């Protein structure tokens, strides 16, 4: 009998694994499980966001819509209101520069696009918001169709600070 035939391999201890630099199978299993769970959560989140579910129709009556401004972008998203709804827009400007929210028809936006007022007093559907401030305006959506909102300070519409609100007929 040789020495190799009679020796029984002793179990490897955790200390020996650390000393020899061999990988620990449990860590790999945990890492793989964490990656799989992370991928599943990300895929589920994407599926929910990409589902295309329509936003609820706001109204009738008075409703409040909170609008954030960050990195010269409105976070208004898709907004659908019922004809005859009065919307109170509460606008928070988290940017270090001035902004405005102007809601209205094409004539209102032409006037503001050609205007030179950096700030103006609030009127229905129009409000200036200083950096770090919150302001409010109201707008009544009286006819079905699309209504535009925008910030007409120099360069802001070109940067993407504009959108539309869908107004649906009263049921």
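Values quoted throughout were computed directly from the atomic coordinates according to the rules given, and no laboratory measurement underlies them. Just so we're clear, the structure is a prediction, and the values are computed from it rather than from any experiment. In this analysis, Cβ positions are derived from the backbone assuming ideal geometry, glycine residues included, and neighbour counts consider all displayed protein chains.
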Measuring from label point to label point, each 7 Å out along Cα→Cβ, what is the residue 78 to residue 133 span in nm? 3.4 nm
Relative contact order, percent, of the stretch 57-168 when contacts are C-alpha pairs under 8 Å separated by at least 6 residues? 32 percent
From Cα pairs below 8 angstrom and at least 6 apart in sequence, can you work out the relative contact order of the stretch 107-152, rounded to a whole percent? 31 percent
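Give the order of 57, 165 when sorted by the count of other beta carbons within 10 angstrom, beginning with the fewest. Don't jump to the answer; show the numbers that get you there.
Details: 57 15, 165 20.
Neighbour counts put them in this order, fewest first: 57, 165.
Under the rule a/c < 1.5 gives rounded, and otherwise a/b versus b/c splits prolate from oblate, where does the stretch 57-168 land using the Cα gyration tensor?
Verdict is prolate for the stretch 57-168.
Which whole-number percentage describes the relative contact order of the stretch 130-171, with Cα contacts under 8 Å and a sequence gap of 6 or more?
Over the stretch 130-171, the number comes to 42 percent.
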